[in-house]
2 protein chains.
Amino acid sequence: VRRAKIEDLHSRIGQTVRVCGYVSALRLQRKMQFVIVNDASGAVQVTHRRGGADDEIEQQLERLTPASAVAITGEVLRNEIVKLGGIELIPSQVEVLARSEAALPIGPESGPDVRQDWRFLDIRLHPQRRFVFDVATAIETALREFVTREGFFELHTPKLMGTASESGAEVFQLDYFGRPAYLAQSPQFYKQMAIASGIDKVFEVGPVFRAEPSFTSRHATEFTGVDVEMAWIDDVEDVMQFKEQMLRHMLEKVRDRYGDQIHDAYGVDVVVPVLPFPRIPLGEARRILQNRGWEPIDKADLDPAGERMISEYVRHEFGSEFVYLTEYPTSVRPFYHMRPTPDVTASFDLVWKGLEITTGAQREHRYDVLVHQAVEKGLDPESMRSYLDIFRFGTPPHGGFGMGLNRVLMLLLGLPSIRDATFLFRGPHRLEP
Amino acid sequence: VRRAKIEDLHSRIGQTVRVCGYVSALRLQRKMQFVIVNDASGAVQVTHRRGGADDEIEQQLERLTPASAVAITGEVLRNEIVKLGGIELIPSQVEVLARSEAALPIGPESGPDVRQDWRFLDIRLHPQRRFVFDVATAIETALREFVTREGFFELHTPKLMGTASESGAEVFQLDYFGRPAYLAQSPQFYKQMAIASGIDKVFEVGPVFRAEPSFTSRHATEFTGVDVEMAWIDDVEDVMQFKEQMLRHMLEKVRDRYGDQIHDAYGVDVVVPVLPFPRIPLGEARRILQNRGWEPIDKADLDPAGERMISEYVRHEFGSEFVYLTEYPTSVRPFYHMRPTPDVTASFDLVWKGLEITTGAQREHRYDVLVHQAVEKGLDPESMRSYLDIFRFGTPPHGGFGMGLNRVLMLLLGLPSIRDATFLFRGPHRLEP
């Protein structure tokens, strides 16, 4: 007998089927034994009338423990008093594929650390937590569908680097056959190298590593980054238009497939955005917020409170969940962002529901200007020779962005922490399991 | 004027267009100037008749250097004596987007190390080398299409681990906020944890790290691994059937899209395999080869010469490029492979065109058997507590495989080395660029 999905049993009334799943509840009564079995598609009640000392099925069911993996063969019957869909399975064969220990290490009262320690059980015992990865798969599939349709190349660039990458954030260092190596904080360097290779449109989905001791609900030391870079652009607006179209496609696909389920499970509506997103120069955003009582911590950027306030503002004024903040001052951007004027970069942040999910920019592609900008930032061009070399032999205008996939998932579902949007979270105190 | 692709110019005769690309050749004659411009779609000749001292176009073309990035606006004319498609572009505006240094650091005589040092130029100057990544993107797209259609979840599991992973191969160690961490050699541990999470079908495409000082043409210290794991299988045959269907789908998609181009560029035919692949127990394979003069180096496995010979054998006997070698002895397999009998595992290797591309197995999912097998291999169960814990609470039967994507690409195109099938290669002596 081949395996049947539980969700399909209503069309198999009267037939003998084999169901494979986990024991989620046991009620062993004096005359009757009831076992609830779950698979990824649903749950079914197994009903057995005790037959006495010679009843092998009875003995097997009696020894079952919750969470065990079982295969149960039996006849599907209609029974209107059964709560799970009005059907039950009358077992003729019980196979215990893997017996669980009787006492599970987590329960409803477990705190976040115990839940992380036993993450696999936490996910298995709560279908809603597994559903996060259904949605994650759908998001990523939609993203790839969009970028490959637009002719982008998928690359996998090295995570092992011979020199620490450009950003100011801390990097992890390791021993590489007797010399130091570093884990890439982003594929920034390499995706620009792809552009210089004549690969005009490139994307990568892969791990990025940040050795930052941050303990907020939105930071991790390892997460999944989406990086996009495109050549022959006219200006940063080309990047922003691509980015908003990509997001619209992703959200449309997720809404069509999982919108109702997301609403039921998380009380969140998946809203497909109207394009273009509102664009507000950062200086103007700061003035708007200051007029509304915001007291900036940072002299030139937005802080988390500012990000939340500007989101409220655009939601109220424009009915948009998204806002592009543009024209970031040179002082808060890295040396390789293009500067249309000396004080302003051709860069943007994208804020969604009160949180930044993307930084993007047109890059400076002219070697001499780039060296000049590095020196102005107090950097030593010789220390970044292999980066600067990319621009000596005719690399065209280009731009792109990075986006944290776990953060997007967290915002999409309204999860309290990035930990809930990550299969196995990594933070300064969390390297297990 | 919006950018036009060069391949589309034949339908734009008489129109003014803007072409963006790289200068691939310059012929500056006494009366005429000829510039060949390449974009990702093709090449076009720019033709200019010198106009004398006031001719700004003439001055700009005169100062061009090969490899520079340019945008040229002009009229498309038909001219049958022009070799590049019988058309030419008469420039009315020349923009130098990025000027290349006149002397390029690589040329036709450059050796493999110089080519790796200037990998981006090596790819840009040889469209055939860029084409490798067209094919790579198509392979990966086809792979994902197949697995997501089959209902697989895409996961991104941690590359940072608190304990060294199971395999005997060397691992990279790094400092993680004052304690040691290790780079994952494979997602083996985590994909089995996904199965234990109730995620019944899971795949991952991501970097794997091997701190092995191997210098062959088929090894790298970092490469892109494809990992698949599936639950509720009946036996390892389920895994092998899935795997061969996946490969057939991938090769079919690549052949349909790029078969002719691959034949023209590499002289290789993309063969869509007939299923099932031949299956030969390893012991039988060894006997077959020994009867044909093979002298094994290894007492229980195949060596590289043996892999090549068994491929020749199945090509001759069965007309197949692929062969599954099955029933590997316990002695050459890790402790977690299931053992239908004490000496034999439910595992396989897949050999394609003389090289192993996949190892797969049904995993031992019963806690007590697994602990027993670990001890038998001389391992200390306490040192792998978090791995063994996965199996204490009812993890169902499962199996899967790993596959190196760069190696598949190398074999598909008949490339001489995995370096040619990797955007930026990493080896013991190669950590740059």
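The values are calculated or read from the model by the stated rules, or taken from the named source; none is laboratory data. A quick note: this is a predicted structure, and the numbers were derived from the prediction, not measured. A quick note on method: Cβ atoms are made from the backbone with ideal geometry, for glycine too, and the neighbour counts reach across all protein chains shown. These area figures cover heavy atoms from the full protein model, side chains too; ligands, DNA and RNA do not enter into them. Shrake-Rupley method; radii C 1.70, N 1.55, O 1.52, S 1.80 Å.
Listing for the model above:
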read-out	value
Lone qualifier among B:I310, B:I297, B:I262 - being assigned to a loop (DSSP other than H, G, I, E, B) and aliphatic (A, V, I, L, M)	B:I297
Some residue of segment A:60-72 being assigned to a helix (DSSP H, G or I), exposed (fewer than 14 other Cβ atoms within 10 Å of the Cβ) and free of Cβ contacts under 8 Å to residues at least 60 places away in the same chain	yes
Any hit, segment A:229-248, residues being under 30 Å from A:R130 (Cα atoms) and either touching a helix residue (DSSP H, G or I) at 6+ places or on another chain (Cβ under 6 Å) or assigned to a loop (DSSP other than H, G, I, E, B) (or both)	yes
Qualifying residue in segment A:106-120 (condition: assigned to a helix (DSSP H, G or I), in contact with a helix residue (DSSP H, G or I) (Cβ under 7 Å, 6 or more places away or on another chain) and either hydroxyl-bearing (S, T, Y) or at the interface with another protein chain (Cβ under 9 Å from one of its Cβ atoms) (or both))	yes
Conditions (1) away from chain A (no Cβ under 11 Å); (2) touching a Gly at 6+ places or on another chain (Cβ under 6 Å); (3) open to solvent by 20 Å² or more (accessible area, probe 1.4 Å); number of the one not met by B:E432	(1)
Single unsatisfied condition, B:I36 versus (1) in contact (Cβ under 8 Å) with a residue 12 or more places away in the chain; (2) surrounded by fewer than 18 Cβ atoms within 10 Å (Cβ to Cβ)	(2)
In segment B:1-21, the residues that are in contact with a Gly (Cβ under 6 Å, 6 or more places away or on another chain) and open to solvent by less than 40 Å² (accessible area, probe 1.4 Å)	B:I6
Top-ranked residue of segment A:23-45 - restricted to ones that are under 10 Å from A:E7 (Cβ atoms) and not in a strand (DSSP E or B), ranked as nearest to the other protein chains (Cβ to nearest Cβ)	A:A40
Selection within segment B:8-22 - part of a helix (DSSP H, G or I) and either over 14 Å from B:R78 (Cα atoms) or out of contact with any Ser or Thr (no Cβ under 8 Å at 6 or more places or on another chain) (or both)	B:L9, B:H10, B:S11
Residue tally, condition without any contact (Cβ under 8 Å) to a residue 24 or more places away in the chain and open to solvent by less than 70 Å² (accessible area, probe 1.4 Å), over segment A:87-117	7
Check on A:V76, open to solvent by less than 20 Å² (accessible area, probe 1.4 Å), under 19 Å from B:G394 (Cα atoms) and not in a loop (DSSP other than H, G, I, E, B)	no
Wholly within segment A:331-433, helices (runs of 4 or more DSSP H) carrying at least 1 residues that are free of Cβ contacts under 8 Å to residues at least 60 places away in the same chain and under 22 Å from A:T163 (Cα atoms)	A:367-376, A:385-388
Flag for A:R210 being open to solvent by 60 Å² or more (accessible area, probe 1.4 Å), in contact (Cβ under 8 Å) with a residue 40 or more places away in the chain and within 14 Å of chain B (Cβ to nearest Cβ)	yes
Residue match in segment B:124-132 (condition: modelled with pLDDT of 95 or more, open to solvent by less than 10 Å² (accessible area, probe 1.4 Å), under 30 Å from A:D389 (Cα atoms) and at the interface with chain A (Cβ under 7 Å from one of its Cβ atoms))	no
Qualifying positions in segment B:360-415 - open to solvent by less than 10 Å² (accessible area, probe 1.4 Å), at negative phi, within 14 Å of chain A (Cβ to nearest Cβ) and of a type in the set (G, A, S)	B:G399
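Yes/no per residue for (1) within 30 Å of A:S217 (Cβ to Cβ); (2) not hydroxyl-bearing (S, T, Y):
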{"residue": "A:E317", "(1), (2)": "yes, yes"}
{"residue": "A:E321", "(1), (2)": "yes, yes"}
{"residue": "A:T326", "(1), (2)": "yes, no"}
{"residue": "A:K353", "(1), (2)": "yes, yes"}
{"residue": "A:D368", "(1), (2)": "no, yes"}
{"residue": "A:L379", "(1), (2)": "no, yes"}
{"residue": "A:E382", "(1), (2)": "no, yes"}
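For (1) surrounded by 15 or more Cβ atoms within 10 Å (Cβ to Cβ); (2) of a type in the set (G, A, S); (3) closer than 27 Å to B:G399 by Cβ, each residue gets a yes or a no:
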{"site": "B:R255", "(1), (2), (3)": "yes, no, no"}
{"site": "B:V268", "(1), (2), (3)": "yes, no, no"}
{"site": "B:P273", "(1), (2), (3)": "yes, no, yes"}
{"site": "B:N291", "(1), (2), (3)": "no, no, no"}
{"site": "B:S311", "(1), (2), (3)": "yes, yes, yes"}
{"site": "B:L325", "(1), (2), (3)": "yes, no, yes"}
{"site": "B:P340", "(1), (2), (3)": "no, no, yes"}
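Residue-wise test of (1) modelled with pLDDT of 95 or more; (2) surrounded by fewer than 22 Cβ atoms within 10 Å (Cβ to Cβ); (3) of a type in the set (D, E, K, R); (4) touching a strand residue (DSSP E or B) at 6+ places or on another chain (Cβ under 9 Å).
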{"site": "B:E170", "(1), (2), (3), (4)": "no, yes, yes, no"}
{"site": "B:D175", "(1), (2), (3), (4)": "no, yes, yes, yes"}
{"site": "B:Q185", "(1), (2), (3), (4)": "no, no, no, yes"}
{"site": "B:K191", "(1), (2), (3), (4)": "yes, no, yes, yes"}
{"site": "B:A196", "(1), (2), (3), (4)": "yes, no, no, yes"}
{"site": "B:F203", "(1), (2), (3), (4)": "yes, no, no, yes"}
{"site": "B:S214", "(1), (2), (3), (4)": "no, yes, no, yes"}
{"site": "B:H219", "(1), (2), (3), (4)": "no, yes, no, yes"}
